[in-house]
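Worksheet: the structure to be examined is printed underneath.
Rule-based calculations on the coordinates, nothing more; no lab input. What you are looking at is a predicted structure, and each value in this text was computed from that prediction instead of being measured. Counting neighbours? That spans all protein chains shown, and the Cβs are built from the backbone with ideal geometry, glycine included.
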Amino acid sequence: MEEARRAQIVQCTIEIIASMGYAQASLATIAERAGISKGVISYHFAGKDELIAQVYTSVMTKVTQLVLPTVAAQPRAAGKLRAYIEGSIAFIAGHGQEAVALLEIWNGLRTSTGQQVLDARTYEPGLEFSNAIFLEGQAAGEFRRFAPRPMAVAVRSVIDGVLIQRATYGEKVDLAEASREAVALFEAATRATPDDTVRSKGPARRARR
């Protein structure tokens with residue numbers, strides 16, 4: 001029963017943040033949405049900060065559970081990159097409230113001195129994940145030679161950009177189209193060319209002469 005109540009509070013918090021914005025997500029508003037008293041929220045969570053942290057963790061866990069197994073199932077790096085982009089945008093399509101809540105929390109969560117809690121460092125696990133895909137693809141000759149980290153940042157920025165567009169313009173944003181174009185963009189940006197292959201084999205051929 002306690003787990004069910006915590007899950008209900010987290011879900012109501014997501015709904016409030018997604019529909020009204022982070023600033024409006026007071027404990028009183030959340031309690032009203034859940035049909036409970038503020039005291040019930042305080043029983044399960046030490047305060048708003050702990051509740052928001054649980055919302056963030058819950059949504060990120062759901063993203064991981066939905067996206068990463070599909071990525072891991074791909075035998076080649078190019079397929080993993082495609083699955084990562086498609087899965088990330090599919091999450092926005094299928095879990096819009098959770099995705100918008102993440103965006104609101106990212107922008108709104110501050111320390112008592114006004115410092116942003118979530119910043120570029122929060123992206124590090126995701127960037128390392130993409131970085132590993134790029135290194136795997138380069139080692140296998142699927143991808144051209146490029147600096148993996150800037151490419152990983154670019155992929156993350158495009159996915160975030162799709163979310164921002166969706167949060168702003170709603171259904172006017174065609175997420176299927178956005179997914180196709182993002183995949184095409186990074187397939188073109190990473191694909192190995194014949195010239196890359198020739199250059200990579202050049203020193204080896206010279207060494208055999």
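Using every pair of alpha-carbon atoms in the range 40-146, split the distances into 5 Å bins beginning at 0 and state the percent of pairs per bin, rounded to integers.
It works out to 2, 11, 17, 19, 17, 13, 10, 7, 3, 2, 1, 0, in whole percents.
By how many degrees, 0 to 90 and rounded to 10, does the Cα axis of helix 148-169 deviate from the longest principal axis of the chain?
40 degrees
Which net charge results when you count Lys and Arg as +1 and Asp and Glu as -1 among the other residues whose beta-carbon is under 13 Å from that of Val162?
-1
Kindly give the semi-axes, whole Å and largest first, of the ellipsoid equivalent to the chain, taking each as the square root of 5 times a Cα gyration tensor eigenvalue.
42, 17, 15
What aspartates and glutamates does Lys80 reach when the alpha-carbon gap must be under 15 Å and sequence neighbours fewer than 8 apart in one chain are set aside?
Filter leaves Glu128, Glu136, Glu142, Glu187.
Helix 77-94: angle to the longest alpha-carbon principal axis of the chain, degrees 0 to 90, nearest 10?
20 degrees
Using the Kirkwood radius built from alpha carbon pairs, what does the Stokes-Einstein equation give as D for the range 1-64 at 25 °C and 0.890 mPa s, in µm² per second?
D = 212 µm²/s.
Round to the nearest 10 and give me the degree value, 0 to 90, for the angle of helix 175-190's Cα axis relative to the longest principal axis of the chain.
40 degrees
Hey, got a sec? Which trypsin sites (Lys or Arg not before Pro) in the range 54-122 land in a DSSP loop and have at most 14 other Cβ atoms within 10 Å?
Passing sites in the range 54-122 are Arg76.
How much length is gained on full extension from Ala139 to Glu187, taking 0.36 nm per residue of separation minus their Cα-Cα distance?
Length gained between Ala139 and Glu187: 15.6 nm.
Between Ala7 and Tyr43, what length in nm is gained on full extension when 0.36 nm per residue of separation is reduced by their alpha carbon distance?
11.6 nm
Using only alpha carbon pairs under 8 Å that are at least six residues apart, calculate the relative contact order of the range 1-59 and give it in whole percent.
Here the relative contact order equals 36 percent.
From Cα pairs below 8 angstrom and at least 6 apart in sequence, can you work out the relative contact order of the range 64-176, rounded to a whole percent?
27 percent
I need the calculated FRET efficiency for the pair Thr70 and Tyr123, taking r as the beta carbon distance and R₀ as 22 Å, to the nearest 0.05.
Computed FRET efficiency for Thr70 and Tyr123 comes out at 0.60.
Dipole of the range 51-121 (Lys/Arg Cβ +1, Asp/Glu Cβ -1, origin at the Cα centre): which of Val55, Asn107, Gly79 lies farthest to the positive side?
Result: Gly79.
What residue among Pro150, Thr193, Val10 has its Cα farthest toward the positive end of the dipole of the chain, where the charges are +1 on Lys, Arg and -1 on Asp, Glu, each on the Cβ?
Towards the positive end, the residue furthest out is Thr193.
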